[in-house]
Ligand code: HMG
Ligand code: MG
């Protein structure tokens, strides 16, 4: 009873690059986004409108938005933690934003410098303004399968934060295994509990691969009827506030899994691999996708 169609949210240009210490030119970021849309990705998270002191790499997000070639039908999203970020996103012509909360108090403090409940309150005016501008808002919950500071996180706690995001108007809530410690059984249990509060087709999975479990967790999620997954081309990434965290599940590897299951995504593998390899060359880093490495031997 696997889903027939899966929607991928490509977070490489944002989650993948936000932690890179070396400067990456706007032109290289723009090229990455445009190659990803050409490969058939329908949703690309382009950048974030956050404090440049906290995440210097995302400081040029407005310029990136100004220079990408918007392909019809493709959603180009951005993270906005507060009204200041939301207004900057609107000024940059962004049509879809994401707010991000955490399931653990310590991570919330370290990541966005406020408590979970304060963060949720900050999102309310964003939701109102977004409605006025006709902007859709996606929600994220971090640390859904473990916190770098607090360890285990109860699924009920995740479900409660996710439900608040959904109730305030997020059209979908992506559950983030920020530090990649989750396993397949815990993932199934998490979605089972969250599905008590939110319909399964409004939930997404966002798996970092730090412990090599991301693809297994995607498969566990598919078995739970989840059909939206965040991934990062070439497995780029990490999180600045989660020490040792590696990138998201590689988009190429996820696509390989889905192709093998006969699940439709509309994405071209070869073009995807080309896009991923090009940004790896720019970064001077090995490709984090196993499929890309195997196919390029
Ligand atoms: P703060 O210091 O508490 O903010 O940071 P503040 O409101 O007190 O303002 C302090 C200064 O920041 C002021 O500047 C503001 O103008 C500026 P100053 O007067 O000192 O020169 N400022 C901003 N500048 C630009 N854009 C803004 C903005 N807001 C304030 N939007 C804040 C609070 C939320 C801003 C900060 O903590 C922050 O930017 N955090 C972002 C952290 C982040 O981007 N983390 C990574 C993304 S989340 C993630 O990766 C997880 C995810 O992938 C899912 C998963 O894996 O679990 C989504
Ligand atoms: Mg992430």
Point to revise | Gyration tensor over alpha-carbon atoms, the chain, equivalent ellipsoid semi-axes in Å | key: 25, 23, 18
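With the contact rule set at Cα under 8 Å and sequence spacing of 6 or more, what percent relative contact order holds for segment 210-280?
Once normalised by length, the contact order is 28 percent.
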Review point. When the helices in the chain are scored as -39500 (n - 2.57) per DSSP H run of 4 or longer and the sum is shared across all residues, what 222 nm value do you end up with, to the nearest 500 deg cm²/dmol?
Key: -12000 deg cm²/dmol
Exercise for review: Starting from the Cα of residue 136, move 7 Å in the Cα-to-Cβ direction to define the label point; list residues of segment 1-36 whose amide nitrogen is under 14 Å from there.
Suggested key: 7-10
**Study point:** Computed label-point distance, nm, for sites residue 223 and residue 163 using a 7 Å Cα→Cβ extension
**Key:** 2.6 nm
Point to revise | Relative contact order, percent, the chain [alpha-carbon distance under 8 Å, six or more residues apart] | key: 21 percent
Check your understanding: Measuring from label point to label point, each 7 Å out along Cα→Cβ, what is the residue 67 to residue 106 span in nm?
Key -> 4.0 nm
Practice item. Would you kindly work out the equivalent ellipsoid of segment 25-182 from its C-alpha gyration tensor and give its semi-axes, the square roots of five times the eigenvalues, largest first in whole Å? Key: 26, 17, 15
Practice item. Along each of the three principal axes of the Cα atoms of segment 107-244, give the extent in whole Å, ordering the values from largest to smallest. Key: 41, 31, 31
Practice item. Please give the length that would be gained between residue 27 and residue 149 if that part of the chain were fully extended, namely 0.36 nm times their separation in residues minus their C-alpha to C-alpha distance (nm, one decimal). Key: 40.3 nm
Revision key, fill the gap. PRE zone check, label point 7 Å out along Cα-to-Cβ of residue 4, amide N under 19 Å, scope segment 259-294, hits 259-267
Check your understanding: Which value in nm describes the separation of the simple spin-label points at residue 91 and residue 278, placed 7 Å from the Cα toward the beta carbon?
Key -> 3.0 nm
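Just so you know, all these numbers are worked out from the coordinates, no wet-lab data involved. Not measured: the values here are computed from a predicted model. With ideal geometry, Cβ positions are generated from the backbone for all residues, glycine too; neighbour counts draw on all protein chains shown.
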